[in-house]
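For reference, the structure discussed in these notes is given below.
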Amino acid sequence: MDVTVNENNIVRADDTSQTKSQKRRYSSGNSSTSNQADVIRDQMRNDDPAIVDLTIDDASIIDLTVTASKSERTDAPKFYRDLEGSAVKHKDNSMGSLFSRLKESKPFQSGASRSGSPKPVEAFSELENKASRCSLNPPSKKHKKNENDLSPETNEVPREFPPYKSQRKWEWTYMGKQHLFGDGRYQSCGTDFTVMSYNVLAQNLLYDNMYLYYNSKEKHLQWDYRKHILLKEIKEQMPDILCLQEVNLDHYKSFFTPELTELGYKGEFQKRTGSDKFDGCATFYNTKRFKMVKCQHLRYYRQHRILDRDNIAVIMKLQPITRQEHSPQICIANTHLLFNPRRGDVKLAQMVLLLAEIDKLTVTTGEDGRTSHIPTIACGDFNLVPKSDLYKFLVEGYIHFEGLEANLLSGQRGGRRGRDTYLDRNFLPLELNISKYCTYIKENQLDMPPSNQISDSQDRSRNEMLSGSSNSQWKPESSQNTTSEFGQNTGHLWHNLNLVSSYKHKIERLGRSVREVTTFHGQDSAIVDYIFYNVTERNSEKGRLMLLGRWGLLSEDELHELGTFPCKNHPSDHLPLISHFLLE
Ligand code: KL2
């Protein structure tokens with residue numbers, strides 16, 4: 001494909017080899033509210049094009065020819081869906097260079113599209129410079145250094161950005177301060193360790209959703225550039241456990257595994273199911289600190305409309321390497337749930353499966369026959385926001401889902417569009433054999449009285465639930481259509497994991513509490529990534545896992561001021577989350 005600019009300020013991208021094309025013409029006229037960039041982006045989103053032929057002239061008339069529509073998706077990989085032969089590197093160079101031309105052409109200046117009054121080109125380059133200079137590099141390993149120390153890159157941050165705007169800082173809990181920096185009185189004999197959860201933005205998804213990244217410099221979007229910065233971020237933190245999402249299978253094999261093996265890690269990977277998916281979750285652990293006891297690869301896909309999506313999880317049981325012979329184990333679940341903001345019902349079903357698998361993997365039976373569960377950390381990209389029904393289900397352990405609107409469950413922007421569907425009490429397939437407590441039903445459980453079936457702690461919280469002393473307002477109805485005490489088709493779900501988020505989702509800035517975000521790109525910012533850990537007493541946050549600290553996130557405003565992601569020093573559209581725990 002050739003992209004040329006002629007004297008009349010016409011940007012043209014031609015590819016005559018494609019035959020199936022649709023032509024559209026947009027004219028901004030003199031309207032100050034016209035918004036060519038958004039129109040084109042929407043058009044491209046709808047048509048999912050492989051090739052775009054764009055003409056922009058001085059009268060702000062835009063001709064858009066879109067080639068290869070959705071129906072031809074299977075042919076599209078030749079162009080920009082290709083993993084390594086991505087647009088930027090592929091011989092036809094389609095999306096990469098085209099997008100950089102779009103940015104250079106006047107109607108596409110950032111800001112111009114929103115305000116309707118074009119800004120001079122210089123203003124745009126300045127914004128882009130800010131973006132490319134943004135530095136979120138962490139303080140070095142063990143975080144005990146002066147937190148105001150700037151990493152080398154921050155030398156490049158222009159004066160007008162005070163350091164706090166480009167620095168993430170460790171936020172220590174009371175326990176963390178006592179344990180890590182105290183006078184020794186509170187030192188425990190437990191194992192402390194760090195967990196990083198990071199959606200590294202799969203290269204093929206980057207090109208699939210290119211409209212999100214049109215403000216980024218082409219160079220900063222290339223895998224050959226991004227991979228070095230990703231590795232640098234990991235090396236700077238050296239987490240003991242590393243949970244990555246959106247890892248391309250090829251990159252897992254050719255990049256992450258060799259590089260991280262060199263650093264002393266071992267890993268497990270699960271690709272998203274489906275032949276058109278190339279990325280998945282990878283969990284690595286530092287072999288000097290942990291040994292793997294078991295690993296469960298969870299594929300959510302079932303032949304049922306509620307679970308017909310390709311998402312996956314890696315659930316690992318790890319044992320710290322200590323002088324103790326029987327050191328306590330932990331479970332680390334790493335997942336990337338469905339993105340679709342409208343399908344909260346699918347996400348809920350995926351969560352139920354995840355919880356049941358965690359329960360299965362973590363349950364232990366003591367010498368006295370009593371069951372308990374090993375401490376668990378569940379992290380990843382859950383594609384749901386705090387305050388949503390799904391978030392509440394995770395941290396409160398209860399949801400009355402019957403009658404809720406599927407498109408509102410995750411609270412993501414964009415969920416409200418389109419037709420509403422309401423959750424039915426029978427939305428989970430019975431064949432899953434999962435109870436309303438999000439545990440697998442054992443054969444003998446179906447007919448037996450509940451008190452024999454539920455472990456001690458489960459029994460306690462179940463009684464709490466029934467007596468109304470938990471967050472739940474629900475009281476059981478005698479006439480419920482349930483197959484048994486464990487039956488799932490009651491319209492209610494519980495789980496007993498007692499999950500707490502290690503991030504509070506709000507940060508203090510200049511005495512005010514503002515929203516922090518975990519993902520950010522040209523279109524949106526939100527909190528969708530989490531590190532949850534489980535406690536025995538939810539209200540006091542006490543348990544065998546104790547949170548010592550978290551690597552603080554940034555506020556929405558701070559990120560907006562930095563420009564857009566990915567950029568020079570930040571290689572993904574998500575920020576890495578890191579939490580420091582003590583296991584007793
Ligand atoms: O939000 V994400 O990005 O957790 O970072 O998870 C999904 C999205 C990921 C895997 O499906 O690909 C991204 N618009 C924007 N982003 C999308 C879309 C879309 N239509 N589809 C997938 N993703």
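Assorted remarks:
- Qualifying residue in the range 539-552 (condition: assigned to a loop (DSSP other than H, G, I, E, B), in contact with a Lys or Arg (Cβ under 6 Å, 6 or more places away or on another chain) and within 23 Å of Q324 (Cα to Cα)): no
- Residue within the range 560-575 that is among the hydroxyl-bearing types (S, T, Y), under 19 Å from the mean Cα position of the chain (by Cα), within 15 Å of the ligand (Cβ to nearest atom) and at pLDDT 90 or above present: yes
Residue-by-condition table, conditions (1) more than 16 Å from the ligand (Cβ to nearest atom); (2) in contact (Cβ under 8 Å) with a residue 12 or more places away in the chain; (3) within 23 Å of K227 (Cα to Cα); (4) not hydrophobic (A, V, I, L, M, F, W, C):
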{"position": "T518", "(1), (2), (3), (4)": "no, yes, yes, yes"}
{"position": "Y533", "(1), (2), (3), (4)": "yes, yes, no, yes"}
{"position": "H580", "(1), (2), (3), (4)": "yes, yes, no, yes"}
{"position": "L583", "(1), (2), (3), (4)": "yes, yes, no, no"}
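- Selection status of H304, open to solvent by 30 Å² or more (accessible area, probe 1.4 Å) and in a loop (DSSP other than H, G, I, E, B): yes
- Checking R343 against (1) surrounded by fewer than 23 Cβ atoms within 10 Å (Cβ to Cβ); (2) in contact with a strand residue (DSSP E or B) (Cβ under 8 Å, 6 or more places away or on another chain), the condition it does not meet: (2)
- Taking the range 395-430 as the range and being open to solvent by 20 Å² or more (accessible area, probe 1.4 Å), within 25 Å of the chain's Cα centre (by Cα) and of a type in the set (A, V, I, L, M) as the test, the residues that pass are V395, L404, L408.
- Filtered residue count, the range 253-289, keeping only those that are within 16 Å of the ligand (Cβ to nearest atom) and hydroxyl-bearing (S, T, Y): 2
- Count of residues meeting criterion [in a helix (DSSP H, G or I) and either away from the ligand (no atom under 16 Å from the Cβ) or among the basic types (K, R) (or both)] in the range 224-248: 13
- Some residue of the range 570-583 being farther than 21 Å from M196 by Cβ and among the charged types (D, E, K, R): no
- Here G522 fits the description: of a type outside the set (D, E) and assigned to a loop (DSSP other than H, G, I, E, B).
Condition check ((1) at pLDDT below 95; (2) open to solvent by less than 10 Å² (accessible area, probe 1.4 Å); (3) β-branched (V, I, T)) across all residues:
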site	(1), (2), (3)
C189	yes, no, no
Y198	no, yes, no
L201	no, yes, no
L205	no, no, no
Q222	no, no, no
Y225	no, no, no
K235	no, no, no
L242	no, yes, no
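- Residues that are more than 16 Å from the ligand (Cβ to nearest atom), modelled with pLDDT under 95 and on the phi > 0 side of the Ramachandran plot occur in the range 371-391; there is at least one.
- Residues satisfying the stated conditions in the range 395-412, i.e. more than 16 Å from the ligand (Cβ to nearest atom) and within 14 Å of I527 (Cβ to Cβ): V395
- Flag if L231 is free of Cβ contacts under 8 Å to residues at least 40 places away in the same chain and surrounded by fewer than 20 Cβ atoms within 10 Å (Cβ to Cβ): yes
- Counted residues, the range 525-540 - those being modelled with pLDDT of 90 or more, open to solvent by 10 Å² or more (accessible area, probe 1.4 Å) and among the hydroxyl-bearing types (S, T, Y): 0
- Of the listed requirements (1) of a type in the set (V, I, T); (2) touching a residue at least 60 places away in the same chain (Cβ under 8 Å); (3) under 30 Å from M196 (Cβ atoms), T362 misses just one: (2).
- Residues that are open to solvent by less than 20 Å² (accessible area, probe 1.4 Å) and either part of a strand (DSSP E or B) or at negative phi (or both) within the range 249-269 comprise H251, F255, F256, L260, Y265, listed in sequence order.
- Pairs linking a residue in the range 331-349 that is within 11 Å of the ligand (Cβ to nearest atom) to a residue that is part of a helix (DSSP H, G or I) and among the β-branched types (V, I, T), with Cβ atoms under 6 Å and 6 or more positions apart or on different chains, are L338/V346.
- Residue within the range 291-300 that is touching a Lys or Arg at 6+ places or on another chain (Cβ under 8 Å), open to solvent by less than 60 Å² (accessible area, probe 1.4 Å) and closer than 16 Å to S197 by Cα present: no
- Filter result for H574 (touching an Asp or Glu at 6+ places or on another chain (Cβ under 8 Å), over 26 Å from H179 (Cβ atoms) and open to solvent by 10 Å² or more (accessible area, probe 1.4 Å)): yes
- Boolean, D310 is open to solvent by 20 Å² or more (accessible area, probe 1.4 Å), in contact with a Gly (Cβ under 7 Å, 6 or more places away or on another chain) and not in a strand (DSSP E or B): yes
- S197 meets the conditions (1) within 30 Å of H326 (Cβ to Cβ); (2) within 16 Å of the ligand (Cβ to nearest atom); (3) over 17 Å from the mean Cα position of the chain (by Cα) in every case but one. The failed one is (3).
- Residue within the range 210-227 that is in contact with a Leu (Cβ under 9 Å, 6 or more places away or on another chain), more than 16 Å from L338 (Cα to Cα) and free of Cβ contacts under 8 Å to residues at least 60 places away in the same chain present: no
- Checked against the criterion of being over 14 Å from the mean Cα position of the chain (by Cα), at pLDDT below 95, under 13 Å from E556 (Cα atoms) and open to solvent by less than 40 Å² (accessible area, probe 1.4 Å), the candidates G522, G543 yield just one match: G522.
The values are calculated or read from the model by the stated rules, or taken from the named source; none is laboratory data. Keep in mind it's a predicted model, so treat the numbers as computed, not measured. All Cβ positions, even for glycine, are placed from backbone atoms using ideal geometry, and neighbour counts span all protein chains on display. Protein only, heavy atoms only, side chains kept; ligands, DNA and RNA dropped before computing areas. Shrake-Rupley method; radii C 1.70, N 1.55, O 1.52, S 1.80 Å.
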